[in-house]
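Single-structure report; data block below.
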Amino acid sequence: MTLVANPNDVVTIHFENSGTPALAPSSIDDAFTAASLASSYVYKPGSTDLSAWPTLSTITPQKTRIITFLGANANTASVPYLLDYYALTAETNYAVFDAAGLSSCTQFRPTTGSRRLFIVNHMLSKSIFGSGASDLYQPEFSTAASVNSAANITAQINACTARRVSRVNYLFLDWGHISAALSVVAGLDGVAAAPSSPDPGSLNPATTSAASSTGRGNGAPRATARGVASMMMTVVVAPFVVALVDAVM
């Protein structure tokens, strides 16, 4: 098991749970229990006050190294490790159609509140029909190498850090296999970059399969699945999906 072989890794899992009907927490808990994760690896904070949460150096010796968020139906009274995603996080806009919008850091959801884990959505979309987030759109693939360059990712992270006067906790982006995210985040954390981190400048979107990204929805219609990267510190890599986990605060 990866967590056993990598005792310093911390993994964040976000269950969007946007189906109709959404899954009950008990259904997800059954799967975690069957995988022998619910009793040992999941983090149960006991409080929604993020100032009381541990850092990585505290959480890793306890082996509770899976932090799980549930986008709908969270009930920590019944399943304490399936945390309410929207109560604990804040994020930038996930539906951006102009690359210039990726250089800003306007808090989009929720519009207020600062004591939250902060997510930067570094994604560029294009409309299939209609003209905005309420219509059908998909991740823009042709500009992935430019959008996901080290310079562009760093610029948005720096803008958010300056605006919040605190660190960004997660970075979400499309086309994680055409991305400098791993090397950027490693640099910000002062650790060595994972050898699997590609240089987007060496990858040509015209010859790289758009079908190779894996999925994330954002509560809006999607014609193509999204690749995901989240940030910062410990690195876990699955095909075309980057997961980087910060110290909890």
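For region 1-113, I need the span (max minus min coordinate) of the C-alpha atoms along each principal axis, in Å, sorted largest to smallest.
Over region 1-113, Cα extents along the principal axes are 44, 37, 27 Å.
What's log10 of I(q)/I(0) for region 99-188 at q = 0.18 Å⁻¹, Debye sum over Cα points only, no solvent?
Calculated log10 I(q)/I(0) at the listed q: -0.84.
With r defined as the distance between the Cβ atoms of D98 and A162 and R0 fixed at 25 Å, what FRET efficiency is calculated, to the nearest 0.05?
Numbers: r = 21 Å, r/R0 = 0.85.
Efficiency, from the Cβ-Cβ distance: 0.75.
What is the calculated FRET efficiency for A24 to D135, with r their C-beta to C-beta distance and R₀ = 30 Å, to the nearest 0.05?
Approximately 0.45, to the nearest 0.05.
Grab the Cα-Cα distance for E16 and Q62, subtract it from 0.36 nm times how many residues apart they are, and report the gain in nm with one decimal.
Numbers: separation 46, 0.36 × 46 = 16.56 nm, distance 2.67 nm.
Gain in length upon complete extension: 13.9 nm.
Once the Cβ-Cβ distance between A31 and N8 is put in as r, and R0 is 22 Å, what FRET efficiency do you end up with, to the nearest 0.05?
The value I calculate is 0.30.
So how much slack lies between S47 and R115, counting 0.36 nm per residue of separation and subtracting their Cα-Cα distance, in nm?
Values: separation 68, 0.36 × 68 = 24.48 nm, distance 1.35 nm.
So the chain would gain 23.1 nm between S47 and R115.
Solvent-accessible area of F172, probe 1.4 Å, all protein chains present, reported in Å² to the nearest ten, please.
10 Å²
How big is the antiparallel share of DSSP beta bridges in region 28-133, given as a percent to the nearest 5?
Values: 2 of 9 bridges.
The antiparallel proportion sits near 20 percent.
Need one number: nm distance between label points at N75 and T154, each 7 Å from Cα along Cα→Cβ, rounded to one decimal.
The modelled label-to-label distance comes out at 4.8 nm.
The values are calculated or read from the model by the stated rules, or taken from the named source; none is laboratory data. The model shown is predicted, which means the values in this text are computed figures rather than measured ones. Every residue, glycine as well, gets a Cβ built from its backbone with ideal geometry; the counts of neighbours run over all protein chains shown. Please note that ligands, DNA and RNA were not included when accessible areas were found on the heavy atoms of the full protein model with its side chains. Shrake-Rupley method; radii C 1.70, N 1.55, O 1.52, S 1.80 Å.
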